[in-house]
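Coordinate-derived values only; no laboratory data. Just so it is clear, the structure is predicted and the values come from calculations on it, not from any experiment. Virtual Cβ from ideal backbone geometry, glycine too; neighbours counted across all protein chains shown.
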Amino acid sequence: MKVHITVNGVPADADVEPRLLLVHYLRDVLGLTATNVGCDTTSCGACTVLLDGESVKSCTVLAVAADGTEVTTMEGLSASPEELHPVAAAFRQEHGLQCGFCTPGMVMAAVGLLHENPRPTEREVREGLEGNLCRCTGYHNIVRAVLRASGQDPDAADEAAPDLVAPGFSTGSSA
Amino acid sequence: MIPAEFDYVRPESVDAAVALLGERGDDASVLAGGHSLLPLMKLRFAVPELLIDIGRLEELQYVRLDGDEIAIGAGTRHSTLETSELLHTECPLLPAVARTVGDPQVRHRGTLGGSLAHADPASDLPAAALALDATVVLLGPRGERRVPSTDFYTGVFSSVKEPDELLVEVRVPRTGAAGWAYEKFTRRANDWAIVAVAVVDGRVGLVNMGPTPLRASATEAALARGASIAEAAALADQDTDPPADLAGTKEYRRHLARLLTRRALTTAHDR
Amino acid sequence: MSIMGTRVVRTEDPVFLTRGGTYTADLALPGALHLTLVRSPVAHARITSVDVAEARSAPGVIDVVTGAEVDLEPVKPAPVGHDAMLRPFLATDKVRFVGEPVVAVLTEQAYQGPDAAELVAVDYDPLPAVVDVRDAARDDVLVFQEAGTNTVFGFGLDEPFDEHLFDGCDAVVTAELVNQRLAAAPLETRAAAAQWGDDGRLTLWCSTQNPQASRDEVAGWLGVEPARLRVIAPDVGGGFGAKIGADPEFALVGWLAKRVGRAVRWSETRSENMTGMLQGRAQRQTVTIGGTRDGRVLAYRLDVLADAGAYPRLGAFLPYFTRSMAPAVYDIPRVESRARIVATTTTSTGAYRGAGRPEATAAIERAMDLFAVEIGMDPVEVRRRNLIPPDAFPFTTKGKVTYDSGEYAKALDRVLDAADYAELRAEQAARRERGDPVQLGIGVSAFVEITTGGAFAEDATVEVHPDGTVTVLTGTSPHGQGHATAWAMLASEQLGVPVEMITVKHGDTDLVPRGAGTMGSRSLQIGGVAVHQAAVELVEIARRRAADVLEAAVDDLEVADGAVRVRGTEVSVPLGRLAESEPLRTEARFDSGAPSFPFGAHLAVVEVDVESGKAVVVRIVTVDDAGPVLNPLIAEGQRHGGIAQGIAQALFEEVVFDPDGNPLTASFADYGFPSAAELPAFTLLDMATPTHLNPLGVKGIGEAGTIGATPAVQSAVVDAVAHLGVRHIDMPATPLRVWEAIQAARKSGESS
């Protein structure tokens, strides 16, 4: 079946099986492999992209059902690695990623969340990301990253902020 | 992870969809938001030969006042219900329940009609519809029929909807200022309810206490004859047949039904 | 200014946040065939027939291979165990767990695989399953007839328990504990891809924590010299111990690629992962603790019955660490332990964050709490009276290991102080007084753990290029731990070259032929120290070369800002210049020769709705002391991840099989992996007690969080309902379990 989907601003036509999942269209047909598959029960959110501006799990959307829509993946977010989108920049600053596998979906879910709720509380961030699983970070720094991206100070939200200086080595700071 | 092969068609109108169902209803499934159907298809528990995609029909996407009811198009997304100002004013139970379905990504796709048609006794919206005394509107080759939600469900994943019928609309009462509450008990926020209770205007709907969503009729009758919340709630698990699984034994679910009913009735009363 | 101890954001991140990581399933391998495995739907059965005729003619099918056609010998991937318990690459006569691979299907396109796999018809003649380790230990149903027993291995089984161990104790408590089976559940499932070159060498990409060990293992399984294999670990999406070494599926992918003469790739689904990937913990424990009424513990006994699953793997060895760490942070005069590991018709077990040590800590912490209740003493006070004192180190324990350094009481005091323990107890008392439906529980754990995973040596290479950039080669294999940034910091500290100009390479066995990988919290204390050493040696070489170039005395020269400079002057030569005529490069190997022992204390505060049994962690205050911290940002991240997994074990997760061996939690919908909504923010306190085992004084931080958090949270939940008569709740403390414990206590309270 013919589909016309605009991905990261680039319109494209393709001929696909009806059963082709949007996530596989992005990964295998377009070669945009940032979006990952982490489960098979629509639980983990690693496949999250924006579809017409709203966060969706691309493993549970058929490419044919996305015909005529605009899709944004993490590859379409930042101008370059040197000019990260504010949400991506906040993830870096707060160390909100470790192995990186959940990250594209997490970042896109965060972008979607902030579209709908530009200044969420910590609780709203946690509930807003309940569809995105991460095994590495324990979510602590992901939540900080989203709060920072929303223009709020994550330390203010975190009533018992950890010491910022590591004992044992010289004190110092870095960017 | 990969569905079996199927054909796919996106009819341009409700009438076209109904006509298709008339021809192919036995081996076709309707695709709205896809978040009940596609997970089943990916695990190959459902293998329809044809998918009829109604997810983009704007004809089915609306929330509007219609006399003393609110008419909601079956294709209305959960996220729309969640944020509808009309519903917040006129039927606040519904957006509150919609808000608990899955996660934000799921709610951007899932639809009210899809959820009711899927008829999962562990889902939130079917029990809410029951508590609201909602009406389900079906359209088929034989015309339109309106089914009270209390007559709609027949068993796990089954309803009176025929294979050649399309669920096109859900009609809920304007409950306005009547007390309401939704108590959903889960382990994780994103889980299906172990048990949940929807209360509105003296009616009580139960999630996951049997093969269909149920009304706690004994509780309702007790309330109607002036029993206290505690007394009425203690009857909430009467005539139920809860499942037993890792999340709960039958006995535990019965206890939760009574507990959550008491809490929901208290919240509703205090509004 | 020193970069050590500073919060350097990761150099890896710009790529991860734009193009994304390149995991094995992302590799571009044009023309590679897709492998789909047909797996057993039953736990234990004889295979009576396999019919692949219809599958062979399905669209896109290039080959369908049964076990009979695989000419590789079954293997014994476990470091210990019965020689008759071997794992075939594809099952031949029997299957022994749900999910065991039986038939391999190769298709041109990925989507064709499941279609063809559905057409494979396998007849199974069911055999009785054996799931509970207690049943397995009775040897009624044997997983391997040829072995004549289900016992895979034992530690200390030949030494009978001393019936006088508890003589002189005023109070003795015994309890049966379950340290439940967990799924590692990294977000990236297992994946591998194989391509044979014209030179007869195999390139194998796989999602592993140890590329070099995987090369050696797979080479052995394929019957080729390791030099003929090149293993590349691309970006790896989490491992947590379950990706240590290679899985037999990786070798099968290589073998299939040879057979069909084309590249083959494999990427399992999550459902396959939840039965196919190694699982963790799975111990039943009997603890006995005895001591005096004034809180002195005199004796402790730990009896472990551990589950190896169907085909013994690393999990069969891990109770060794449980025994070593049995006495934990306590100075107990008499300690004995033993462990029996048995096979069952379930998924094989392996390492999972902590790998044998969380089990030891959870057991003794539960025992300490039960002892405290028995003698009517505050559980914190009981701990205090038994901690190994700070002046006792190095301290050789009854577990026969020597702890390097520790300040256990200080760690405990730090968390108690930060959490305002007295205030919490007062709040708890007030809620109990009022009979609030939401009660408060406080749980405290003190812990120590053993790190390095027994791999004490690591190699590193540091090279400065003529353009002034630096390459570091390391034998560690990060999969989220940030070594590219951290090792760059270590090199930067010595060379004065900014981290942005330092590239750290790892994971390719042709580039780094020797290495022990990343596991057991070993990387910084062994691999990082090797980098440090190499950089220090490079500085020496650079100074000597510069002495010639600058015609100065070596002693007058220092390295700073990427150049060698005559101290106190502007006279200098850039490091890159010194690399122009001959390479400026060192290799170093560091061998610490011994494990190190990070330690700490966690205090968990939970709220329990006693009407429903639901427990929520509202606060967790932690000390995880692994010595000096190189990069606090990264170290904190490691602690966060461990704490989350520790909480998850206490409250949410469990792999469950029914009595027929069918998995009941084999998807992310059913398995209790928590989201951000289930967890609080974590409070991390700083404490750094160095070790003498390496020049940086560092230990390993990766697993401590898991080890400390689990018992603290379990203890807190029990504590929350202790006033209702509850003494113990097994993990995970689900709402159902907590509610049932309350009901049971109520009933026995009514009858007494």
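Quick notes on this one:
- Karplus-derived HN-Hα couplings along the stretch C:599-613 (A = 6.51, B = -1.76, C = 1.60, θ = phi - 60°), whole Hz, x at Gly and Pro: 8, x, 8, 10, 10, 10, 10, 10, 10, 10, 7, 5, 7, 10, x
- The stretch B:163-240 - Debye-derived log10 I(q)/I(0), Cα point model, q = 0.11, 0.16, 0.22 Å⁻¹: -0.36, -0.72, -1.08
- For the stretch C:592-676, fraction of C-alpha pairs farther apart than 20 Å, in %: 54 percent
- Proximal lysines relative to C:K76, as straight alpha-carbon distance under 24 Å, when same-chain residues fewer than 8 apart are discounted: C:K94, C:K243, C:K258
- The alpha-carbon of C:K398 sits under 27 angstrom from the alpha-carbons of these lysines, leaving out residues fewer than 8 places away in its chain: C:K410, C:K699.
- Kirkwood Rh and Cα Rg combined as Rg/Rh, the stretch C:327-474: 1.12
- A quarter of the convex hull surface defined by the alpha-carbon atoms of the stretch C:369-423 gives 4.7 nm² as the mean projection.
- The stretch C:570-577 - phi-based ³J(HN,Hα) in whole Hz, Karplus 6.51/-1.76/1.60, Gly and Pro as x: 9, 6, 7, 9, x, 3, x, 4
- Look at B:H269, C:H532, B:H255 and count the other Cβ atoms within 10 Å of each Cβ; fewest to most, that gives B:H269, B:H255, C:H532.
- In terms of overall dimensions, the stretch B:202-271 has a Cα radius of gyration and Dmax of 11.7, 37 angstrom.
- Whole-Hz Karplus values for the stretch B:135-144 come out as 10, 9, 9, 10, 10, x, x, 8, x, 9 Hz, taken residue by residue from phi with 6.51 cos²θ - 1.76 cosθ + 1.60 and θ = phi - 60°; glycine and proline positions read x.
- Sparsely packed trypsin sites (Lys or Arg not before Pro) within the stretch B:1-73, loop by DSSP, other Cβ within 10 Å at most 14: B:R44
- Over the stretch C:82-232, the Kirkwood radius and the radius of gyration, each from Cα atoms, give a ratio Rg/Rh of 1.08.
- Euclidean distance of C-alpha centroids, the stretch C:251-314 and the stretch C:210-224, integer Å: 21 Å
- Amide H within-cut-off set for B:D7, under 5 Å, with H built and near neighbours excluded: B:L50, B:L51
- Amide H to amide H distances under 5 Å link C:F153 with C:I341, where only residues 5 or more positions off or on other chains count and H is placed in the peptide plane.
- The rule of thumb for compact globular proteins, 2.2 N^0.38 Å, goes into the C-alpha radius of gyration of the stretch C:23-82 1.53 times.
- Pairwise centroid distance, computed over Cα atoms, of the stretch C:143-191 with the stretch B:19-78, Å: 53 Å
- Ignoring lysines fewer than eight residues from C:K614 along the same chain, the ones with Cα atoms less than 16 angstrom from its Cα are B:K184.
- Amide H contacts of C:E268 (H built 1.01 Å from N, in plane; Pro and chain starts excluded): C:R190 sit under 5 Å, all sequence-distant by 5 or more or on other chains.
- Calculated on the Cα set of chain C, radius of gyration then Dmax: 27.3, 94 Å.
- Per-residue ellipticity at 222 nm computed for the protein assembly as shown from its helices equals -8000 deg cm²/dmol, with DSSP H segments shorter than 4 residues left out and the rest contributing -39,500 (n - 2.57).
- Rg/Rh for the protein assembly as shown, where both radii come from Cα atoms and Rh is the Kirkwood radius: 0.97
- Measuring between their Cα centroids, the stretch C:510-575 and the stretch C:66-83 lie 46 Å from each other.
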